[in-house]
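Q: Handing you a structure now.
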Amino acid sequence: MTEYSGIRGTRVKYLSSDPTLNTSTEGQVWYNSTEGTLKSLVQIKAWSSGGSMGTARYKISSANAAPQDAALGFGGGPSASSATEEYSGFSWSNGGNLNTATRGAVGAGTQTAGLRAGGFDGGPAEQDDTEEYDGTSWTSGNNMPANMRLGAGCGTQTAGLAFGGFSSPTTQTVEYDGTNWAVGGNMNTGRYYLAGFGIQTAAVAAGGNSKDDTEEYNGTSWTSVNDVTSGNTQGAAAGGILTAGLFFGGTRTSVPARTNIALDYDGTNWSTTASMATARNSLGGTSGGSNTAGLAFGGNVPPSTAATEEYNSNINAITQAVWASGGNLTTGRMYLAGFGTQDSGLAVGGATTPFPSTAKGETEEYNGSSWSEQNDLGTARKYLAGCGTQTAGLAFGGADPALTGATEEYDGSSWTSGGALSTARNNLAGFGIQTAGVAVGGYDGTALTSTEEYGGSSWTAGGNMNTANYQFAAAGILTAGLAFGGQTPTKNQTEAYDGTSWTTVPATLNTARSAMAGAGIQTAAISMLGREPGPNSVATEVYNGTNWTISANAATARRGAGGAGTQSAGLAFGGYTTVSVNNTEEFTGGTEVATASTLTTS
């Protein structure tokens, strides 16, 4: 008798190894005969901790059209606040204050084009004023037609929507065109403490005080659709678009308790997704234009909280970038040279405080956990540069205190003299290897553009930079180098080197800085620490060959640190806070990896 499987085939693929895991594999099920397991590639839905806000608060407003890594939160309580904070995807920083302190205001727009409307001053006084944010400061706009507090909003700065609210009529809807407000169609169910998402002509209103109603707006009128499930209704946050929304937090109607429940909306139905770690209401939130990358921040637990959580729905397992403490340098110093890898690094020269600083010749090797002293440089110096590896290094330039062009080669034990730079200079940058090194820019009384290439014994002229620069960082090899930041007029400029000439790259650092550390290659570089115009910095950014992206902040703000490693495994050590320091920090880059899940039966 012929078996069914022989006629129709097996319904599950029988494979000796997992197939290539990508979006085309999502949802497929297969049997891995080598592992003896049934497997599938499914979306991973989870919340994870983000950087805490600077100020804990609730009844906070948000620009809910902003993406997860560029959020904007403003106002809030318990007392009315004017504070504004911007999220980078890793940490919050202070933005320009609102002109009018408020809480429970409507929010819309993005981090660089935000909208705040209405609210109340912490007492009974409701507000009808409007403010617009440009990424730096708030500007007053025309007032709303009526007072509104504890309403909801969505859309953009030039096409915003505000609806609901505490005062009668709580069914009110008003539309903003970037200049003026106009009355829109009323909601079917009046309510406050509701959440909203979408755009002006395709919006969703969800939940509210003792309500689980959902309504959709088409630019003219509201239509009642399927209710919010789970009784997760009052003081929630939301983001997304009409066909892909995310709704989270709030207070349950049936049980007077704050919740951590989150729901997906597909334009028709609500479904439960992964829950937040912290139950809260009156929180801020956004998920940009989707329901796959949300952000929840602030809110009332009680008490008010500064906690931030990131939601991701993805076939990839996501690990955030992070800094961790490493072993301290034996000799704390600043403006030193660094190169090598995270577990095989080299710290060379530098200077110690108090000022006037003393040039140092110390050399230390890092093994991934601790530093050990080696033979000193032949010429003690500060503000020098270097490149290469722990067993084949190169140190050049600097000041002792006079400017020097001295070059020294390291063999893993001791230094020997090499050919001197043609131009003595300090505050220069270097990249490459011992037999193919590059010295670029620097300062000899004026900022320099000159590039020199080292062939293993002597330096020859290379192509000049487009912009004279010093106290910047570099990465890469002789035929594929990268220079970024520094004391250029903008302090955020990037240039690329092909072994012959420099090209200005359109992408600029998000945080302009000088005296930073750098590592990596031309298409995968990392910029660490430095000095912003004014304060020392904890900023970290990664470059993919096209754009700079903000990554996790380091623990200790400092400038003049040494750097080594790669984009995924960086190392920063020494530097200057208010004194020269010996701190070492290790960077582990974030990852996104498609991971097959093992299916089990019970």
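The values are calculated or read from the model by the stated rules, or taken from the named source; none is laboratory data. All values derive from a computational prediction rather than experimental measurement. Virtual Cβ from ideal backbone geometry, glycine too; neighbours counted across all protein chains shown.
Q: Given the condition polar (S, T, N, Q) and crowded, with 20+ Cβ neighbours inside 10 Å, answer yes or no: does some residue in region 179-197 qualify?
A: Of region 179-197, the ones polar (S, T, N, Q) are 179-180, 186, 188-189.
Still in the running and crowded, with 20+ Cβ neighbours inside 10 Å: none.
No: region 179-197 contains no residue that is polar (S, T, N, Q) and crowded, with 20+ Cβ neighbours inside 10 Å.
Q: Follow-up. Is it fair to say residue 295 is crowded, with 24+ Cβ neighbours inside 10 Å, out of contact with any Lys or Arg (no Cβ under 9 Å at 6 or more places or on another chain) and assigned to a loop (DSSP other than H, G, I, E, B)? Break it down into steps so the answer makes sense when it comes.
A: Values: crowded, with 24+ Cβ neighbours inside 10 Å: yes; out of contact with any Lys or Arg (no Cβ under 9 Å at 6 or more places or on another chain): yes; assigned to a loop (DSSP other than H, G, I, E, B): no.
In short, no.
Q: If I go through region 54-64 residue by residue, how many of them are within 23 Å of residue 290 (Cβ to Cβ), modelled with pLDDT of 95 or more and either of a type in the set (Lys, Arg) or assigned to a loop (DSSP other than H, G, I, E, B) (or both)?
A: The first filter runs over region 54-64 and keeps only residues within 23 Å of residue 290 (Cβ to Cβ), leaving 60-64.
If we keep only those that are modelled with pLDDT of 95 or more too, we end up with 60-63.
Then keep just the ones that are either of a type in the set (Lys, Arg) or assigned to a loop (DSSP other than H, G, I, E, B) (or both); that gives 60, 63.
Number satisfying all stated conditions: 2.
Q: Residues in region 201-220: is at least one surrounded by 21 or more Cβ atoms within 10 Å (Cβ to Cβ), more than 32 Å from the chain's Cα centre (by Cα) and farther than 21 Å from residue 272 by Cβ?
A: Within region 201-220 (the criterion being surrounded by 21 or more Cβ atoms within 10 Å (Cβ to Cβ), more than 32 Å from the chain's Cα centre (by Cα) and farther than 21 Å from residue 272 by Cβ), the answer is yes, since at least one residue qualifies.
Q: Please work out if residue 270 is free of Cβ contacts under 8 Å to residues at least 60 places away in the same chain and under 23 Å from residue 176 (Cα atoms). Spell out how you get there, then give the answer.
A: On the way: free of Cβ contacts under 8 Å to residues at least 60 places away in the same chain: yes; under 23 Å from residue 176 (Cα atoms): no.
Answer is no for this residue.
Q: Taking region 541-564 only, how many residues are part of a strand (DSSP E or B) and under 24 Å from residue 433 (Cα atoms)?
A: In the first step, residues of region 541-564 are kept if they are part of a strand (DSSP E or B); the result is 541-543, 548-550, 558-559, 562-564.
Narrowing the set further to residues that are under 24 Å from residue 433 (Cα atoms) leaves 541-543, 562-564.
Of the residues in that region, 6 qualify.
Q: Quick check on this structure: which one of 582, 544 is assigned by TED's automatic domain parsing to the domain that holds residue 485, surrounded by fewer than 21 Cβ atoms within 10 Å (Cβ to Cβ) and either charged (D, E, K, R) or in contact with a Gly (Cβ under 8 Å, 6 or more places away or on another chain) (or both)?
A: Details: 544 fails: either charged (D, E, K, R) or in contact with a Gly (Cβ under 8 Å, 6 or more places away or on another chain) (or both).
Result: 582 is the single residue among 582, 544 that is assigned by TED's automatic domain parsing to the domain that holds residue 485, surrounded by fewer than 21 Cβ atoms within 10 Å (Cβ to Cβ) and either charged (D, E, K, R) or in contact with a Gly (Cβ under 8 Å, 6 or more places away or on another chain) (or both).
Q: Please list, ordered by residue number, the strands (runs of 3 or more DSSP E) wholly in region 85-149 having 2 or more residues that are more than 19 Å from residue 184 (Cα to Cα) and assigned by TED's automatic domain parsing to the domain that holds residue 160.
A: On the way: elements: 92-94, 106-109, 114-120, 126-133, 138-141.
Hits in region 85-149: 92-94, 114-120, 126-133, 138-141.
Q: Also, quick follow-up: Yes or no: residue 519 within 20 Å of the chain's Cα centre (by Cα), among the hydrophobic types (A, V, I, L, M, F, W, C), assigned to a strand (DSSP E or B) and crowded, with 24+ Cβ neighbours inside 10 Å?
A: Details: within 20 Å of the chain's Cα centre (by Cα): yes; among the hydrophobic types (A, V, I, L, M, F, W, C): yes; assigned to a strand (DSSP E or B): yes; crowded, with 24+ Cβ neighbours inside 10 Å: yes.
Yes: the conditions hold for residue 519.
Q: Filter region 313-328 down to the residues that are over 15 Å from the mean Cα position of the chain (by Cα) and modelled with pLDDT under 95, then identify the one that is nearest to residue 248 (Cα to Cα). Before you say what the answer is, go through the steps one by one.
A: If we filter region 313-328 for residues that are over 15 Å from the mean Cα position of the chain (by Cα), which is where we start, we get 313-317, 324-328.
Checking which are modelled with pLDDT under 95 leaves us with 313-317.
Numbers: 313: 14, 314: 18, 315: 21, 316: 22, 317: 22 Å.
My answer is 313.
Q: Against the definition (more than 26 Å from the chain's Cα centre (by Cα) and aliphatic (A, V, I, L, M)), how does residue 295 come out, yes or no? First the steps, then the outcome.
A: Values: more than 26 Å from the chain's Cα centre (by Cα): no; aliphatic (A, V, I, L, M): yes.
When the stated conditions are applied, residue 295 does not pass them.
Q: Still on this structure, I have one more. Among the numbered conditions (1) without any contact (Cβ under 8 Å) to a residue 12 or more places away in the chain; (2) touching a Lys or Arg at 6+ places or on another chain (Cβ under 6 Å), tell me where residue 59 comes up short.
A: For residue 59, the failing item is (1).
Q: Working carefully through the options 223, 189, 214, find the one that is closer than 25 Å to residue 110 by Cβ and either of a type in the set (Val, Ile, Thr) or not assigned by TED's automatic domain parsing to the domain that holds residue 290 (or both). Spell out how you get there, then give the answer.
A: Values: 223 fails: closer than 25 Å to residue 110 by Cβ; 189 fails: closer than 25 Å to residue 110 by Cβ.
Going through 223, 189, 214 in turn, the sole match is 214.
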